[in-house]
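The values are calculated or read from the model by the stated rules, or taken from the named source; none is laboratory data. Predicted model, so just to flag it, every value in this text is computed and none were measured. All Cβ positions, even for glycine, are placed from backbone atoms using ideal geometry, and neighbour counts span all protein chains on display.
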Protein chains: 2
Amino acid sequence: MTYCVCMRLNRGLVFMSDTRTNAGLDNISTTKKLFSWSVPGERVITLMTAGNLATTQALVSLLDERSKATAERSPSILQEPSMFQIAREVGKTLREVIQSNAMTGTTASASFGATILLGGQVKGGPPRLFLIYPEGNFIEASDDNPFFQSGETKYGKPILVRAFNPEMSFERAIKLLTVSFDSTIKSNLSVGAPLDYLIYEADSFEIAHESRMEADDPYFSSVSNGWGDALEQALNELPDFTF
Amino acid sequence: MTYCVCMRLNRGLVFMSDTRTNAGLDNISTTKKLFSWSVPGERVITLMTAGNLATTQALVSLLDERSKATAERSPSILQEPSMFQIAREVGKTLREVIQSNAMTGTTASASFGATILLGGQVKGGPPRLFLIYPEGNFIEASDDNPFFQSGETKYGKPILVRAFNPEMSFERAIKLLTVSFDSTIKSNLSVGAPLDYLIYEADSFEIAHESRMEADDPYFSSVSNGWGDALEQALNELPDFTF
């Protein structure tokens with residue numbers, strides 16, 4: 001499967017994705033699912049992919065080629081005037097890739113679908129987040145829905161719902177996400193470390209941090225090991241039940 | 001959907017189930033999913049149902065009727081010599097009910113399947129827990145797998161995995177389950193209060209507590225409201241991330 005989360009904080013955007021890909025339990029490997037493009041001082045665009053790997057790699061390659069070949073008929077995401085237009089372009093490209101595979105007349109047991117989390121900022125507008133469906137349409141994050149998940153979303157959701165706060169620091173956001181990812185990794189073998197993350201500070205128009213947390217990363221281990229004790233504490237603080 | 005959990009503690013068994021049943025978002029009602037039979041001083045049997053309501057009600061009615069009509073050809077669960085034999089009898093009855101509906105020649109959009117969590121103790125053996133599949137076969141809880149969930153299991157699982165301890169008191173078990181159910185109820189509309197729970201103390205051969213926690217129960221509210229703050233605390237106790 002996959003697990004990706006993107007969050008809209010007051011101070012900017014945070015992205016985290018796992019890197020496990022699999023074609024059955026007996027065919028597991030690591031692949032990058034977080035990609036970004038930027039024009040320093042003007043725009044930053046980040047997307048995370050979930051779904052059929054051939055589809056998502058084709059999508060990213062197409063977006064990437066168009067961003068370099070200025071004579072392409074399809075507009076580049078580096079030229080679109082707003083994040084909304086970028087989301088439309090990504091959605092349109094995604095739909096085209098899926099359709100081109102689905103309409104070959106051959107039959108496949110696998111689905112060609114994919115879901116994209118897209119975020120970034122273009123000068124003149126605020127930072128925005130979108131969840132793009134395989135059909136190419138999309139929804140946008142808002143104050144009521146300040147984060148999106150994709151892939152195996154359920155195990156890691158309760159902690160996000162409870163502890164998310166748009167005021168929080170980037171450091172705390174990464175801590176929260178590490179807990180959410182750890183809970184998911186512990187429960188679903190098709191989600192796995194290393195974890196890629198990216199931080200975008202609002203109105204900076206450059207990527208603040210982009211890095212990878214390995215499975216044996218000391219921080220990841222300390223959160224994974226410490227969370228059991230911390231939850232024990234949290235349970236202790238709740239009122240006791242009496243029969 | 002449904003959410004049910006049963007746990008095997010050192011001091012006995014704990015069962016909790018939600019009570020929401022639905023046939024679509026526009027047809028929701030409340031139904032009991034936790035049932036028990038006992039011969040004081042000799043055996044206690046409890047089961048919780050998840051799945052097609054017609055199937056699970058037929059199953060419970062059949063088990064109930066046989067426990068009263070001693071001349072029935074099928075043996076009563078009150079006469080079987082062990083929990084293992086009771087699980088076999090429940091599984092056989094479940095399979096028969098499902099088959100009798102599935103083989104009528106009519107077509108239904110709904111599945112007739114159901115999953116049963118069964119637990120209890122018969123004099124001469126220890127307390128045991130089983131998860132019975134629609135096909136009638138089953139698995140048993142062990143030291144490695146000391147609890148079973150059924151229905152919407154994902155949202156409420158991480159807290160169980162982290163905080164379960166076979167040494168804990170019944171009061172703490174109910175507190176832990178309340179948190180797990182609250183997380184699930186917050187995320188899935190097809191799981192809802194009131195919550196039914198039952199406590200069985202090992203070697204007592206009688207039900208210690210059986211009761212219902214309503215949605216406006218002061219304890220449920222205090223856990224639901226307090227858990228956000230407690231998690232905030234738990235996050236604070238983890239080491240901070242630094243870029």
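Count of the range A:222-231 residues, restricted to those that are surrounded by 13 or more Cβ atoms within 10 Å (Cβ to Cβ) and either in contact with a Phe, Trp or Tyr (Cβ under 8 Å, 6 or more places away or on another chain) or more than 7 Å from chain B (Cβ to nearest Cβ) (or both), is 2.
In the range B:105-124, the residue that is modelled with the highest pLDDT out of those that are of a type in the set (Ser, Thr, Tyr) and surrounded by 10 or more Cβ atoms within 10 Å (Cβ to Cβ) is B:Thr115.
Taken over the range A:212-221, the criterion of being surrounded by fewer than 16 Cβ atoms within 10 Å (Cβ to Cβ) and either in a loop (DSSP other than H, G, I, E, B) or facing another protein chain (nearest Cβ under 8 Å) (or both) is satisfied by A:Glu214, A:Ala215, A:Asp216.
Checking the stated criteria, B:Leu189 turns out to be modelled with pLDDT under 95, out of contact with any helix residue (DSSP H, G or I) (no Cβ under 7 Å at 6 or more places or on another chain) and either farther than 30 Å from B:Asp26 by Cβ or away from chain A (no Cβ under 13 Å) (or both).
Looking at B:Ala234, B:Ala173 in this structure, which one is surrounded by 21 or more Cβ atoms within 10 Å (Cβ to Cβ) and at pLDDT 95 or above?
So the residue among B:Ala234, B:Ala173 that is surrounded by 21 or more Cβ atoms within 10 Å (Cβ to Cβ) and at pLDDT 95 or above is B:Ala173.
In this structure, is A:Phe205 more than 8 Å from chain B (Cβ to nearest Cβ), surrounded by fewer than 23 Cβ atoms within 10 Å (Cβ to Cβ) and not small (Gly, Ala, Ser)? So A:Phe205 fits the description; yes.
Name the residue, out of B:Leu189, B:Leu176, that is assigned to a helix (DSSP H, G or I) and aliphatic (A, V, I, L, M). So that I can check it myself, show each step before the final result.
Details: B:Leu189 fails: assigned to a helix (DSSP H, G or I).
Just a single option satisfies the conditions, and that option is B:Leu176.
The set of residues from the range B:5-22 being in contact with a helix residue (DSSP H, G or I) (Cβ under 8 Å, 6 or more places away or on another chain) and in contact (Cβ under 8 Å) with a residue 40 or more places away in the chain comprises B:Val5, B:Met7, B:Leu9, B:Arg11, B:Gly12, B:Val14, B:Met16, B:Asp18.
Of note, B:Phe170 does not satisfy the criterion of being facing another protein chain (nearest Cβ under 10 Å), in contact with a helix residue (DSSP H, G or I) (Cβ under 8 Å, 6 or more places away or on another chain) and aromatic (Phe, Trp, Tyr).
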